[in-house]
1. Which ones in segment 79-91 are aromatic (F, W, Y) and surrounded by fewer than 16 Cβ atoms within 10 Å (Cβ to Cβ)?
2. Do you know which residues across segment 92-123 are of a type in the set (S, T, N, Q), more than 14 Å from A24 (Cβ to Cβ), touching a residue at least 24 places away in the same chain (Cβ under 8 Å) and open to solvent by 40 Å² or more (accessible area, probe 1.4 Å)?
3. List the number of the failed condition for V12; all other conditions in (1) buried (at least 20 other Cβ atoms within 10 Å of the Cβ); (2) under 16 Å from S85 (Cα atoms); (3) not basic (K, R) hold.
4. Which ranges mark the strands (runs of 3 or more DSSP E) fully within segment 1-82 that have 2 or more residues being of a type in the set (V, I, T)?
5. Taking the residues in segment 38-55 that are under 11 Å from the mean Cα position of the chain (by Cα) and not hydrophobic (A, V, I, L, M, F, W, C) as candidates, determine which candidate is most open to solvent (accessible area, probe 1.4 Å).
6. I'd like to check something: does segment 27-37 contain any residue that is small (G, A, S) and surrounded by fewer than 18 Cβ atoms within 10 Å (Cβ to Cβ)?
7. Mind checking which residues of segment 94-120 are under 12 Å from the mean Cα position of the chain (by Cα) and β-branched (V, I, T)?
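The values are calculated or read from the model by the stated rules, or taken from the named source; none is laboratory data. Treat the numbers as computed from the prediction; the structure is a model and nothing was measured. Here the Cβ positions follow ideal geometry from the backbone for every residue, glycine too, while neighbour counts run over all protein chains shown. SASA here: full protein model, heavy atoms, side chains in, ligands and nucleic acids out. Shrake-Rupley method; radii C 1.70, N 1.55, O 1.52, S 1.80 Å.
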Amino acid sequence: QVQLVESGGGLVQAGGSLRLSCAASGRTFSSYTMGWFRQAPGKEREFVAAISWSGGSTNYADGVKGRFTISRDNAKNTVFLQMNSLEPGDTAVYYCALGVRHIVMATAASDYDYWGQGTQVTVSS
């Protein structure tokens, strides 16, 4: 059993920055993947970024490349999403997720096994 707890969301003006954190607890895995998704009202959950825990390789959605950075702190079992140059289109509930296996692309929600409760990010124009 795994628990994921997100934090760091809030209200920010366009062009501003936020850093989201997601702490994992309850179980350890030899090889796994963690990612960030977001969901706006009335829309499907959308892939944002992913990172492999062992090698640290990353993958980003096209719309956030160059603005968002995913990283991890292995000692704290925590993944971060640094969001810069935020736009109103980034407004959504952001969720972190964990897949118990290493995933090559890790862009589908079905790739993941555990989900956090979400944290709201609102970007004003």
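1. none
2. Within segment 92-123, T107, Q120, T122 qualify.
3. (1)
4. The strands (runs of 3 or more DSSP E) meeting that bar are 46-52, 68-73.
5. Within segment 38-55, the match that is most open to solvent (accessible area, probe 1.4 Å) is E46.
6. Looking for residues that are small (G, A, S) and surrounded by fewer than 18 Cβ atoms within 10 Å (Cβ to Cβ), one finds at least one in segment 27-37, hence yes.
7. T107, T119
For every residue, the table says whether it meets (1) in contact with a Gly (Cβ under 8 Å, 6 or more places away or on another chain); (2) of a type in the set (S, T, N, Q); (3) without any contact (Cβ under 8 Å) to a residue 60 or more places away in the chain.
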| position | (1), (2), (3) |
| --- | --- |
| L20 | yes, no, no |
| F47 | yes, no, no |
| S52 | no, yes, yes |
| D62 | no, no, yes |
| K65 | no, no, yes |
| R72 | yes, no, yes |
| M83 | no, no, no |
